[in-house]
Structure formats: structure tokens, C-alpha cells
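Peer 1: Got a structure here, written out as C-alpha cells. Questions coming.
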Amino acid sequence: AEIATASLDGSLPKLKLALAKPTLLVIDDLGLGQMTANAAQVLLDIVDRRMRTGALLITSQYPSDQWHAMFPDPTVADAILDRVVHQAHRLQLKGESMRKVQAKAKMKLPD
């Protein structure tokens, strides 16, 4: 949504710079929203710059082998994933989500 807004109001260069600056950029829940062609291109620009200047942390509910299908253009998807997946340290979590575990703990009544 921020990329679409920045594209319309002319602040996209400023947004790209802001996303490239932090020591660590976190992209949380990749794949939960629609990836437009414009957003994918911006993501490619940011990922390309970050591969040389900083760390990138991506979380997703989807396994990384399903990420390619999230992008509308397979060539852009290849470029992004080539920069991310092959240089990544992957952690695949198993079990119930922490939100679910914590909710169950809150629901338990004391003995």
C-alpha cells in the first residue's frame, strides 16, 4: 500500500531510500497481500541495494518454494528470489503459532 501511495504522490524515490537505509530491513508476512507489478519492481530495487548494504529478514506463512508464484512477472520473481533465497539462512518453524499457544495459556483456569 505504501508503494502504491508513494508512486502516486511522487515520493517513491524517498521511500526506496528509506527502505534501503536501515541496518536490518524486516519484510513481515510476505505473500499475505497482493503483489502488484509495481510493488515487485520496487522490491527488486530494494533487495538489490540491500544485498550490498544491509541485512534483510523476511517472514512468511508460505514456504519459500511457493514465493515465486506470488509475483505477477516471473522474470522479476526470478531476479528477486535469486538475490534472496540463495544467500539466505533459513529457519523453518514447526508447531503451533505462539499466538495460539499464548491464547490457550490465557484460557486455562488455575487449579
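The values are calculated or read from the model by the stated rules, or taken from the named source; none is laboratory data. None of these values were measured; they are calculated from a predicted model. Cβ: placed from backbone, ideal geometry, glycine included. Neighbour counts: every protein chain shown. Accessible surface areas use protein heavy atoms only, side chains included; no ligands, DNA or RNA. Shrake-Rupley method; radii C 1.70, N 1.55, O 1.52, S 1.80 Å.
Peer 1: So for the stretch 58-105, considering every pair of alpha-carbon atoms, how many percent are separated by more than 17 Å? Please report the intermediate quantities before stating the final value.
Peer 2: On the way: 527 of 1128 pairs.
Beyond 17 Å sits 47 percent of the P(r) for the stretch 58-105.
Peer 1: Moving on. Using amide H atoms built 1.01 Å from N in the peptide plane, name the residues 5+ places from I58, or on other chains, whose amide H lies under 5 Å from its own.
Peer 2: HN-HN under 5 Å from I58: I27.
Peer 1: Turning to a different aspect of this structure: So what are the radius of gyration and Dmax for the Cα set of the chain, in Å?
Peer 2: Rg, Dmax (Cα atoms, Å): 17.1, 60.
Peer 1: Rank V84, V76, V26 by mean-square fluctuation in a GNM of the chain with C-alpha springs under 10 angstrom and give only the top-ranked residue.
Peer 2: Among V84, V76, V26, the largest mean-square fluctuation in the Gaussian network model of the chain belongs to V26.
Peer 1: Compare S60, S97, S11 in a GNM of the chain, Cα atoms joined below 10 Å, and give the one with the largest fluctuation.
Peer 2: S97
Peer 1: At 7 Å along the Cα-to-beta-carbon direction for both V101 and K16, put a label point, then send me their distance in nm to one decimal.
Peer 2: Here the answer is 4.1 nm between the modelled labels.
Peer 1: Determine the order of M107, M98 by accessible area, beginning with the largest, at a probe radius of 1.4 Å. Each step should come with its number before you reach the end.
Peer 2: Details: M107 150, M98 125 Å².
In descending accessible area the options line up as M107, M98.
Peer 1: Leaving out ligands, DNA and RNA, and with a 1.4 Å probe, what % of the accessible surface on the chain is carbon or sulfur? Before the final figure, lay out each step's value.
Peer 2: Numbers: 4750 of 8470 Å².
C and S fraction of accessible area: 56 percent.
Peer 1: Per residue, how much accessible area does the chain show when a 1.4 Å probe rolls over the protein heavy atoms, in square angstrom?
Peer 2: Values: 8470 Å² over 111 residues.
Ligands and nucleic acids excluded, the result is 76 Å² per residue.
Peer 1: Another question, if that's okay. Points 7 angstrom from Cα along the Cβ direction at Q92 and D48: gap in nanometres?
Peer 2: Simple spin-label model gives 3.1 nm for this pair.
Peer 1: Excluding residues fewer than 8 places away in the same chain, name every one of the lysines whose C-alpha is closer than 26 Å to that of K100.
Peer 2: K108
Peer 1: GNM, the chain, Cα, under 10 Å: largest mean-square fluctuation among R90, R99, R52?
Peer 2: Among R90, R99, R52, the largest mean-square fluctuation in the Gaussian network model of the chain belongs to R99.
Peer 1: Could you give me the ³J(HN,Hα) list for the stretch 69-77, computed from phi with Karplus coefficients 6.51, -1.76, 1.60 and θ = phi - 60°, whole Hz, x at Gly and Pro?
Peer 2: Whole-Hz 3J(HN,Hα) from phi for the stretch 69-77: 5, 6, 9, x, 10, x, 5, 5, 4.
Peer 1: Under the Karplus relation 6.51 cos²θ - 1.76 cosθ + 1.60, θ = phi - 60°, what is the ordered set of whole-Hz ³J(HN,Hα) values for the stretch 87-97, x standing for Gly and Pro?
Peer 2: Coupling constants for the stretch 87-97: 10, 8, 9, 9, 10, 10, 8, 10, x, 6, 5 Hz.
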